[in-house]
Structure formats: structure tokens, C-alpha cells
1. What number of residues within segment 148-190 satisfy the criterion of being more than 14 Å from the ligand (Cβ to nearest atom), within 30 Å of ASP346 (Cβ to Cβ) and of a type in the set (A, V, I, L, M)?
2. Tell me yes or no: at least one residue of segment 76-97 is touching a residue at least 60 places away in the same chain (Cβ under 8 Å), in contact with a helix residue (DSSP H, G or I) (Cβ under 7 Å, 6 or more places away or on another chain) and at positive phi.
3. Collect the residues in segment 29-63 that are part of a loop (DSSP other than H, G, I, E, B) and aromatic (Phe, Trp, Tyr), keeping them in residue-number order.
4. Can you tell me which residue among MET388, MET398 is hydrophobic (A, V, I, L, M, F, W, C), in contact (Cβ under 8 Å) with a residue 60 or more places away in the chain, under 23 Å from ILE296 (Cα atoms) and in a helix (DSSP H, G or I)?
5. Go through segment 136-147 and give me each residue that's within 10 Å of the ligand (Cβ to nearest atom) and in a loop (DSSP other than H, G, I, E, B).
6. Mind listing whichever residues of segment 360-393 are open to solvent by less than 50 Å² (accessible area, probe 1.4 Å) and not hydrophobic (A, V, I, L, M, F, W, C)?
7. Please go through segment 306-355 and give me each residue that is farther than 28 Å from TYR174 by Cβ and within 16 Å of the ligand (Cβ to nearest atom), ordered by number.
8. Being assigned to a helix (DSSP H, G or I), modelled with pLDDT of 95 or more and over 23 Å from ASP84 (Cα atoms): is that true of LEU239 here?
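The values are calculated or read from the model by the stated rules, or taken from the named source; none is laboratory data. The structure displayed is predicted, hence computed values, not measured ones. Cβ: placed from backbone, ideal geometry, glycine included. Neighbour counts: every protein chain shown. Remember, those area values only see protein heavy atoms, side chains included, never the ligands or the DNA or RNA. Shrake-Rupley method; radii C 1.70, N 1.55, O 1.52, S 1.80 Å.
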Amino acid sequence: MNSPLRARGRARAVIIGGSMSGLFAAAFLRQIGWNVDVYERSPVELVGRGAGITTHPELLDALERSGAGTRELGVEVETRIALDRQGRVIATKHLPQILTSWDRLQRLLRETIDEAHYHLGWNFERVEQDGSGVRVHFSGDRMEEADILVGGDGIRSGVREQIMPAVQPIYAGYYIWRGAPNEADLSERALKEVFPYFSFFLPPQQEVICYPISGFNNDLRPGHRRFNFIWYRIADATLLKQMCVDERGRQHEYSVPPPLIRKGLIAALRDEANAALPSALNDCLRVIGQPFFTPIYDFIAPRIVSGRVALIGDAASNARPHMGFGVSKAGGDAQALADTLRDHDDIDAALAEYNRIRQPIGEIIVKHSRKLGTHMGVNLQTEEDRAMHALLQDPRAMMDWIAVPNFLDAYR
Ligand SMILES: Cc1cc2nc3c(=O)[nH]c(=O)nc-3n(C[C@H](O)[C@H](O)[C@H](O)COP(=O)(O)OP(=O)(O)OC[C@H]3O[C@@H](n4cnc5c(N)ncnc54)[C@H](O)[C@@H]3O)c2cc1C
């Protein structure tokens, strides 16, 4: 591992994970002259089941700088509204924001990388390092050498597991039911009362948050879009474990693949929705054929570099999704990694600098997400938690805090 490529003036990075972080890292590292290859364990192209993504100025900036661009990024919504149980609008906020989808971002970023350097069906197993480079082992006895390894392999990162096994995601005490029905399937009432808005419904210890996103194949035409529907619910670890038993009686560890979610759970969800949701929102849930749930976890890693291994995106730190900032952070991490490698002749000094700059930002983002999570009223430990929980019971405060741009300014 004597860094042969570096010696010839062209350093090489092996990147694990072919999603947001991995693709951002590949784009930014290539811009500074590095030779990069992305290894993704999925054997087929990644798809995002229609997940909605709120955008931030940092994300738009990272997309432009990476070369992915922001063309036809999503649906622009002007106004936020909060509803009461009867469906009356009880608060509004003017906040223009582009709402995009995971699929659109993946498509834009995927186009930045040459097919020859994007490898599907490569499962990372372990890394060895000797101070001057890495040897990366994959399933099937495959091996690659490089100057650095970049772990962009998500919240359950195998790269992180190897270099800091003590760092594990922590369950927040709540989960979300989600889905993205087609605009064409929504009722007249839903189309009029909620579809044009970033909508909130906020009963105690619950949050329903919805907004329009593009349709299949990034279709932005009226009538062809989708509606991102998210319902936060609380569940202790025991209840979550029960929810993770699938239709065939098999226990899953973190969540259940959508087609295997127990029919009884979905029937109970629909009953609860009938009783609890404003009619327009209930209409939206009713036309989601396959609602699925995602438990919410977070974690902070005390460092995001170990030797020649650097973590980025969700692998480096994972915030609860209340700010909708995960992809923005992935872009920021990737850009900082490339900037520090460009500005230092010495790779180890560059990685130390990357850690110094980005670890604290990841930590701030996670702590901020915990603050917003106090709305759910779970595990409130400090006076500050209880005060924040009380503040967030006002829907206007939620509209001022949830997924708003420039929240990091308060920490600068
Ligand atoms: C409910 C919810 C709502 C969200 N809303 C927003 C939002 O509005 N805005 C926003 O910006 N973010 C949002 N996020 C967060 C966002 O989705 C993530 O931050 C983002 O996807 C992280 O990208 P990543 O590339 O770091 O990780 P991932 O997208 O998880 O990608 C990791 C990749 O690594 C691959 N991989 C894993 N292990 C291996 C291995 N051993 N070998 C090879 N490949 C491997 C995986 O297959 C995967 O493709 C939300 C998240 C959730 C859960």
C-alpha cells in the first residue's frame, strides 16, 4: 500500500455507498484531480420509494458546485399552513421553498459520474490500513487499494462499524408512517385544502407533515405530481419491536420492508386516521396503497476520521429528520473533504482538518434535531427540553422551526 497512484501525482479514493454522500464525494474529489470509484452494494440502481426531500440553500449550492445542477429540481411551495382537527387553517406562514424528491437528487448526482467508476453489487466487508493507504475488501474476495477510503454508506455504516464500533444509532422513541400518493388519486378536498401547501397537523405527541413533490420520472406537470405524507407517532422500544414482526411472523431488526408490513398494523393505522386526522389528510392516507414506517434514530460520532478512513453524510452523524437537512449535510461533508485535500499536500493533515471542520457541524445538527424532536414529548430530560417542548406546542412555532432554511446561522 505504498500509494502508487499518489506517487504518480494522481491520488485515488475508494468510496463506499452510491447514494447522496458517495456521489457528492465522487463529484467533488474528481474536481480536484483525484481518481475515484464508487462501490454500492445494491446490485440494481437505487430508487427512493418517492421520499420527499426539503431543500436548503446549502443543498442548492452543493448541487451547483458538484456539477449536478438544480434543473427541474422540484415543486415550489409558497405557503405553510397548520390545520386543526376539523381541517380549519389555524396558522399560516409565507415561506417559499423547493420540495424535491430523493429520486430526483439521485438522478442528478448519478449523471455526474462515469459508468466505469460506479460499481453496483459491491458489498464492503473490511478495510486494512498501514498509514500510507488502504486496502478495501469486498464480498466475493474482491479487493481495491487506494490512498483513502470514504465511508458514505449511511446510518448503519459498515465502515464506521469497523473503525468505531462503539458508536451506534440511538432510537428516538418515535417513528413515522409515510407514503407518497399520486396527485391524480387525491380527493377534490385534499387537492384544494392541503396539496398546494406545506401542511402541518400537530395534535399532542404527533406530527403530520405533507407537501407536494414531483411525480414518477420527475414529472412536474399539474395532475402528475405526488404528495409526500409523513405521520410521526410515538412507540417505546417494546412496541417498535412488535411492529417489526412481519406478515410471516419474522422479526426484523430496524424496520420491515413495505410489502411485508403486517396487514393488521396497516388496518389499525387506517382506523386511527379515521378517528384522528382532518378529512383532507385522511383522504391522502386512504389512497396510499402501501404505507410504510421508518423508526427515527440519531447519533453523534466523536470523530469522523480514523487514519486514512473518512466518514461522510449519514455514516458520519445522523440527525432526526426534523430539519430535512441530511442531503445538505452530505453535500457539505463531501465538499469540505475535497477542499481540505486540495489545500494540503499531506493527506493526513487534510483529513485531520476535515475532521476538525465537519465533526462539530454534524454534532450541532444532531443536537438541533433533538431540540425540535422535543415536540413529541418523549424522554424530556432537562429544563431546556421541557421549555422547548412547551414552545413547540404552538403550531406557529413549529412552522418557524421545522425544515426552515438557514437554521445553522444561529450557531455561527
Ligand atoms: C423520514 C426521513 C425524511 C428525510 N427527509 C429529508 C429531507 O427532507 N431533506 C434531506 O436533506 N434529508 C432528509 N432525510 C435524510 C436523507 O435521506 C439522508 O440524510 C441521506 O439519504 C443520506 O445520504 P447518504 O448517502 O449519507 O446515506 P444513504 O442514502 O443511506 O446511502 C448509503 C448507501 O450506502 C450503501 N451501502 C451500505 N452499506 C454498504 C456496503 N457494505 N457496501 C457498499 N454499499 C453500502 C447503501 O446501499 C446506500 O445506497 C430524511 C431521512 C428520513 C429517514
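1. Qualifying residue count for the region: 4.
2. Yes.
3. Matches in segment 29-63: TRP34 only.
4. MET398
5. SER139
6. Within segment 360-393, GLY362, HIS368, SER369, GLY373, THR374, HIS375, GLY377, ASP385, HIS389 qualify.
7. Correct list: VAL309, ALA310, ALA334, GLN335, ALA336, LEU337, ALA338, TYR354.
8. When the stated conditions are applied, LEU239 passes them.
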